[in-house]
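Encoded as structure tokens, the structure appears first; notes follow it.
Just so you know, all these numbers are worked out from the coordinates, no wet-lab data involved. Given the structure is predicted, the values throughout are model-derived calculations rather than measurements. Here the Cβ positions follow ideal geometry from the backbone for every residue, glycine too, while neighbour counts run over all protein chains shown.
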Amino acid sequence: MKPFKGLKAYDNGGDTADRYTVIWYEPDAWYGKEDAIGTLDMSDSPIHPQGVSMMGLIPVSDFTDEHIGKQMRFDELPEHIQAHVTDRLSP
């Protein structure tokens with residue numbers, strides 16, 4: 001599956017319910033005053049009723065990737081996670 005431009009993927013190995021995180025850059029998205037990082041945090045089963053799939057924005061000035069796991073290429077994510085990201089981020 002082809003990733004969207006500028007996505008970065010992370011896997012924390014299952015340390016938390018939101019095991020996978022995908023981030024992207026959002027210019028002027030923080031109340032129109034600051035650039036932001038968009039996030040999609042997911043469990044291993046994001047479409048399950050007890051799964052996790054949540055989006056958010058973090059001001060670029062506050063963002064750190066220290067706590068979200070090991071960075072990986074988008075195509076290294078499990079195929080069902082790639083498909084979920086594609087579904088969630090498609091217009």
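Across the chain, the relative contact order, built from alpha-carbon pairs under 8 Å that are at least six residues apart, equals 31 percent. Electrostatic bookkeeping for Ile23 treats Lys and Arg as +1 and Asp and Glu as -1; over the other residues with beta carbon under 12 Å from its beta carbon, the sum is -2. The phi-based Karplus calculation (6.51 cos²θ - 1.76 cosθ + 1.60; θ = phi - 60°) puts the 3J(HN,Hα) values of region 52-68 at 10, 7, 9, 10, x, 10, 10, x, 3, 5, 9, 7, 9, 9, 4, 9, 9 Hz, whole numbers, x for Gly and Pro.
Backbone phi angles across region 21-29, fed through the Karplus curve with coefficients 6.51, -1.76 and 1.60 (θ = phi - 60°), yield HN-Hα couplings of 10, 10, 10, 8, 8, 10, x, 6, 8 Hz in residue order; Gly and Pro are listed as x. Quick check for you: which residues of region 41-73 have the amide N under 20 Å from the point 7 Å beyond the Cα of Asp35 toward its beta carbon? Output list for this probe position: 56-66.
Every helix of 4 or more DSSP H residues in the chain counts as -39500 (n - 2.57), and over all residues that averages to -3500 deg cm²/dmol at 222 nm. Listed by Cβ neighbour count within 10 Å, with the fewest neighbours leading, Tyr10, Tyr25 appear as Tyr25, Tyr10. Where the alpha-carbon atoms of region 8-89 are placed on the principal axes, they occupy 35, 24, 23 Å, in descending order. Within the listed set Ile81, Ile23, Ile47, the residue fluctuating most in the Gaussian network model of the chain (springs between alpha-carbon atoms under 10 angstrom) is Ile47.
When only alpha carbons are used to place a centre, region 13-43 and region 56-74 end up 7 Å from one another. Principal-axis analysis of the Cα atoms of the chain puts helix 79-89 at an angle of about 30° to the longest axis. Annotation: the residues Ser90, Ser53, sorted from fewest to most other C-beta atoms within 10 Å of their own C-beta, follow the order Ser90, Ser53.
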